[in-house]
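Below you'll find the structure, written out as structure tokens, and then a few comments.
The values are calculated or read from the model by the stated rules, or taken from the named source; none is laboratory data. Quick caveat: nothing in here was measured; it's all calculated off a predicted structure. Quick reminder, even Gly has a Cβ in these numbers, built from the backbone with ideal geometry, and neighbours come from all protein chains shown. SASA here: full protein model, heavy atoms, side chains in, ligands and nucleic acids out. Shrake-Rupley method; radii C 1.70, N 1.55, O 1.52, S 1.80 Å.
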Amino acid sequence: MNLETMIFYFFAAILLFAAARVVTARNPVHSALFLVLAFFTAAALWVTLEAEFLAITLVLVYVGAVMVLFLFVVMMLDINYDLLREGFWSNFPLALTVAVLMAAEMTLVLAGRNFWANGNGGAPNVHGPGYSNIKELGRQIYTEYVYPFEIASIILLVAIVAAIALTLRHRKDTKYQDPAAQIAVRRNDRLRIIPVQPDNKLRPQAADATPSAEQQS
Amino acid sequence: MEFFQSLLGPFWPVVWTLVKIVAIVAPLLLGVAYVTYAERKVIGYMQVRIGPNRVGPLGLLQPIADGLKLMMKEIIIPSGANKKLFLLAPVLCMAPALIAWAVIPFTPELVLANIDASLLFIMAITSMGVYGVVLAGWASNSKYPFLGAMRSAAQIVSYEIAMGFALVGVLMAAQSLNLVEIVKAQQGASFFSWYWLPLFPLFLVYMISSVAEINRAPFDVAEGESEIVGFHAEYSGMAFAVFFLAEYANMILVATLSSLLFLGGWLPLFDFAPFTWIPGFFWLIAKICFVLFLFLWFRATFPRYRYDQIMRLGWKVFIPVTLVWLLFIGGMMQTPLGYLFH
């Protein structure tokens, strides 16, 4: 067993353990954290497959952004754990069917002839040290697959706009400041200088002349 | 060295890499300790005080005394806390700040792992630092740390976007994701060829958002020593200190990154005789120290931002500015003036 195989088994074991704990952990926050661990180890496995750009993107997007939001939501929910487990056995047959189907599909893909086509037994072609995964990916995306790529990005954009439009509610009672108005304020709007003679103490009517709280705001 | 190589056989690469890691992390941790000292001294002088001067000559042993004190203290774990995650959170805060150094080049040759996508790697690794903050707040099982965690996590996530866009500008100009290549692309006659000039708006955005990203003043709503209850309110002793060590390690990291990306890394100030005599490594260290000094200076100068203003600045000012400047760079590169942006 060489070093690469040892690394593979090391990460694969962690990945399987983490993935199993995602569904078996009692606490949803622990589940989310095990999912993070699963993503991270999957990224490590992708690196060993020479897909370093995809691996780093997986960490950047899923671990660094998506799962943080997930964790936010899970932490703020008040979840009754027993209620979550109630329907386990009634849903079990359906879940089992889906799982078996997915396992069968994966087997079909892995057993297919095209998967082993390069003759390396499923391992990727080994490239020299000067080979840039990212350049190759960029070239493919922006030449050969430019239309699917652009269509996908437009769909994502529409999804973002739709999500914002659905959740954006203008509240009447929100207090906020208009920075432009704050900056545009001049001295004369807020301040009044009252000459006070040193020999001649402030009279009651002079006190009335100081700007009231209403004018100041 | 050959002797060790034959002694350890197949384990030699592992051991050698570990030795190199220690050679990077040990000076880094020492640097972290002395940034705390520098901060107290610099801010002291800026406020017409002397700063620490009791422990050792000029107070130079102060960080060690502080470290010893914190290690002697008891780590109190609240009874309602989730013990494992409570102790894991400071580790998760500290680890990304150290892992990122794996790909930082000190000279064109001196780098632990000269990988192709090093800039992307750093962005991915530093984006994980937020887990420490979120978990610290949640595992404490107390509402104030939890609110503090929400506040600083939202801030970190927001400023990461502006920071990422600023880095996109750098890699567009350098046409590479490799940090060594990015520094080499800034080679020129003087400091005017470094990227701070052609990418000036991005440089500003990067500097300001990195201050916000590491929760430093004037964006330090995460801790704000005396006024605000932050995500680490339930921590004590060394567990609390690790959060602070992580903050200072992150400070050094972003200072190094801004020196590499915008201030020409190990390149000398001018490319002629007296300046080129100094080795590149010392130029890099000098630039890092300069940026760190700026961070300390900011803290002594600016009043703290209000939270809604922090969010407004990140989302409504920095992100549009970076997007417009990216479009501008992309457009200019297609014109005859494009050489200015390479």
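Things worth noting here:
- Helices (runs of 4 or more DSSP H) contained entirely in segment A:13-88, each with at least 3 residues that are within 11 Å of chain B (Cβ to nearest Cβ) and open to solvent by less than 30 Å² (accessible area, probe 1.4 Å): A:28-48, A:67-76
- Looking at B:189, B:222, just one residue is of a type in the set (Gly, Ala, Ser) and open to solvent by less than 10 Å² (accessible area, probe 1.4 Å), and that residue is B:222.
- Search result, residues across segment A:1-12 that are part of a helix (DSSP H, G or I) and either open to solvent by 100 Å² or more (accessible area, probe 1.4 Å) or more than 10 Å from residue A:45 (Cβ to Cβ) (or both): A:3, A:4, A:5, A:6, A:9, A:10
- Some residue of segment B:194-204 being of a type in the set (Ser, Thr, Tyr), under 30 Å from residue B:76 (Cα atoms) and either open to solvent by 20 Å² or more (accessible area, probe 1.4 Å) or more than 11 Å from chain A (Cβ to nearest Cβ) (or both): no
- A single member of B:71, B:123, B:128, B:94 is more than 14 Å from every other protein chain (Cβ to nearest Cβ) and under 14 Å from the mean Cα position of the chain (by Cα), and it is B:94.
- Residue tally, condition part of a loop (DSSP other than H, G, I, E, B) and crowded, with 16+ Cβ neighbours inside 10 Å, over segment B:270-325: 2
- From the options B:78, B:90, B:96, B:63, residue that is without any contact (Cβ under 8 Å) to a residue 40 or more places away in the chain and in contact with a Phe, Trp or Tyr (Cβ under 8 Å, 6 or more places away or on another chain): B:63
- All told, residue B:262 falls short of being of a type outside the set (Ser, Thr, Tyr) and either farther than 23 Å from residue B:247 by Cα or open to solvent by 70 Å² or more (accessible area, probe 1.4 Å) (or both).
- Residue A:147, sole failed condition from (1) closer than 28 Å to residue A:49 by Cα; (2) surrounded by 10 or more Cβ atoms within 10 Å (Cβ to Cβ): (2)
- Residue, nearest to the other protein chains (Cβ to nearest Cβ), within segment B:98-120, restricted to residues that are part of a helix (DSSP H, G or I) and farther than 22 Å from residue B:16 by Cα: B:120
- Among (1) within 12 Å of chain A (Cβ to nearest Cβ); (2) out of contact with any Leu (no Cβ under 9 Å at 6 or more places or on another chain); (3) crowded, with 18+ Cβ neighbours inside 10 Å; (4) of a type in the set (A, V, I, L, M), the one test that residue B:167 misses: (2)
- Within segment A:161-180, being within 14 Å of another protein chain (Cβ to nearest Cβ) and surrounded by 10 or more Cβ atoms within 10 Å (Cβ to Cβ) holds for A:177, A:179.
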